[in-house]
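Worksheet: one structure, shown below.
The values are calculated or read from the model by the stated rules, or taken from the named source; none is laboratory data. Treat the numbers as computed from the prediction; the structure is a model and nothing was measured. Using ideal geometry, Cβ is built from the backbone for each residue, glycine included, and neighbour counts are taken over all protein chains shown.
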Amino acid sequence: MSDDENKKLKHLDESGKETGEFVPFVGIYPGSVPQMEEEFFVETGVVVLATGFKPYTPKKNEYGYSQYKEAVTLPQFIQMMSDSQKKGDFLELGGRRIRSIAMIHCVGSRQTPGIHEEDESGCMNEYCSRTCCSATLYEANRIRENYPGTRVYEFYRDIRAYGRGQEELYNQAATNGVVFLRFEADLPPEVTVNDRTEEYPLQVKVKDTLTFGEEVEVPVDLVVLSVGMEPNPVPELVDIMKLPVGTDRFLLEVHPKLRPVEMSVSGVMLAGTCQAPMDIGEACSAAGAAAVKASAILGKGFVELDPFVAEVDLEKCKGCGACVEACLNPGALNLMEIDVNGETVQKAQLFPALCLGCGACVAVCGENAINISGWTLKQYENMVDMIIADQWNE
């Protein structure tokens, strides 16, 4: 932590109150401040995952990022805005007057194979991050209303203001004099040093489809990159809990409509942007749904197990261990030693509470010693026999 953060924590800790006491004042933290990392265990019946997102980090020289100090991301720009004066003729950042700003949409979102480069892990963000357009429009309106001398240019592929009241942001931006220039995915804007004049450090060149491909050059003081959302990496949780992950690297729910906050691993719920890009309202709704689902499970005091689980025929089982290796949920199947006619042999042992009923063990058993209760191979054979018998009768 920084020195300022340590000072704030120390100040909060000096409230003179004990843990558990009510302090009728906002900002007072009566508990003791941890001095070091602490490891502890928590027994729980439900896990709600709310691991969140991180803003996309542009690649080196992507739209001038890390190449020019005047090229920043939208989160960085919002932080810079918080330190600026509240109103004026021109926006001033770091003592520098900003007369012209270029805001580029879809940076790190809606990436197209064959056009955009993959990251170090070989992945691309082909999805829309959904919140970037509205956030960029909001900041554009904020600039034009508070600093009327600063011109704002928005370079976009498509404006996706999908939420309640967000289309109004788009209309309001047009009313406030924000200039929109549209580009195609394979012809993105080019950010370069402005060699024509020393007044503006950068220029943005683009073929504007709104003017039928006219090439436009815009001199600017600042380039703001509207970066998308990426899921926070949680590889350890994914490996330990066997969590399903989508192709977009966000955690995957069972069904987007019927079970939108539940995972295929029983008792694990999703909340917020670990599942998909969301705005704050959607994240709160998802968190509320996850809390209700968790309460429904814990409030019963018991858990109803799925009846369709594997069952082992110990007489047929040879103890080869193939089913244990194939099991998708570690611990559901194990090899145990039992005594048969005075001889110690290994047999497969099932723990029904951990069984997913997926049938992976059934597929690899060479002795047909495992079946899914209610869906046995014999039942399937009988169904096929009846289908054939009906055909012959016809």
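Find the residue count for region 283-301, including only residues that are touching a residue at least 24 places away in the same chain (Cβ under 8 Å) and in contact with a helix residue (DSSP H, G or I) (Cβ under 9 Å, 6 or more places away or on another chain). Of the residues in region 283-301, 3 are touching a residue at least 24 places away in the same chain (Cβ under 8 Å) and in contact with a helix residue (DSSP H, G or I) (Cβ under 9 Å, 6 or more places away or on another chain). Restricting Pro233, Pro219 to residues that are under 17 Å from the mean Cα position of the chain (by Cα) and either more than 21 Å from Val46 (Cβ to Cβ) or not assigned by TED's automatic domain parsing to the domain that holds Ile159 (or both) narrows the list to Pro233. Of the residues making up region 206-257, just one is surrounded by fewer than 17 Cβ atoms within 10 Å (Cβ to Cβ) and aromatic (Phe, Trp, Tyr), namely Phe212. For region 172-192, filtered to residues that are assigned to a helix (DSSP H, G or I) and not aliphatic (A, V, I, L, M), the residue that is surrounded by the most Cβ atoms within 10 Å (Cβ to Cβ) is Gln172. Of the residues making up region 76-102, just one is under 30 Å from Glu118 (Cα atoms), surrounded by fewer than 16 Cβ atoms within 10 Å (Cβ to Cβ) and touching a helix residue (DSSP H, G or I) at 6+ places or on another chain (Cβ under 9 Å), namely Ile78. Sub-9 Å Cβ pairs linking a first residue in region 236-247 that is under 19 Å from Cys355 (Cβ atoms) to a second residue that is in a helix (DSSP H, G or I) and β-branched (Val, Ile, Thr), at least 6 apart or interchain, are Pro244/Val238, ordered by first then second residue. The strands (runs of 3 or more DSSP E) falling completely within region 94-167 that include 2 or more residues that are of a type in the set (Phe, Trp, Tyr) and either on the phi < 0 side of the Ramachandran plot or in the same structural domain as Pro189 (by TED's automatic domain parsing) (or both) map to 151-156. So is Met36 of a type in the set (A, V, I, L, M, F, W, C), more than 22 Å from the chain's Cα centre (by Cα) and surrounded by 13 or more Cβ atoms within 10 Å (Cβ to Cβ) or not? The answer is no for Met36. Per the listing Ala348, Ala389, Ala363, the residue uniquely farther than 24 Å from Val268 by Cβ, touching a helix residue (DSSP H, G or I) at 6+ places or on another chain (Cβ under 8 Å) and assigned to a helix (DSSP H, G or I) is Ala363.
Could you list, in sequence order, all residues of region 194-205 that are surrounded by 12 or more Cβ atoms within 10 Å (Cβ to Cβ) and closer than 18 Å to Lys69 by Cβ? Before you say what the answer is, go through the steps one by one.
Within region 194-205, the subset surrounded by 12 or more Cβ atoms within 10 Å (Cβ to Cβ) is 194, 200-205.
Of everything in region 194-205, those that are surrounded by 12 or more Cβ atoms within 10 Å (Cβ to Cβ) and closer than 18 Å to Lys69 by Cβ turn out to be Asn194, Tyr200, Pro201, Leu202, Gln203, Val204.
For region 166-214, the set of residues classified as closer than 28 Å to Met278 by Cβ, touching an Asp or Glu at 6+ places or on another chain (Cβ under 6 Å) and among the polar types (S, T, N, Q) is empty. Can we say Tyr63 is modelled with pLDDT of 60 or more, in a loop (DSSP other than H, G, I, E, B) and in the same structural domain as Val223 (by TED's automatic domain parsing)? Criteria not met by Tyr63.
What single numbered condition from (1) in contact with a Ser or Thr (Cβ under 7 Å, 6 or more places away or on another chain); (2) over 28 Å from Glu184 (Cβ atoms) fails to hold for Ile143? In the conditions (1) in contact with a Ser or Thr (Cβ under 7 Å, 6 or more places away or on another chain); (2) over 28 Å from Glu184 (Cβ atoms), Ile143 misses (2) alone.
For region 39-75, the candidate set comprises residues that are touching a helix residue (DSSP H, G or I) at 6+ places or on another chain (Cβ under 6 Å) and within 30 Å of Lys300 (Cα to Cα); within that set, the residue that is surrounded by the fewest Cβ atoms within 10 Å (Cβ to Cβ) is Gly45. All conditions but one from (1) of a type in the set (A, V, I, L, M); (2) in contact (Cβ under 8 Å) with a residue 40 or more places away in the chain; (3) within 22 Å of Tyr147 (Cβ to Cβ) apply to Ala185; the one that does not is (3).
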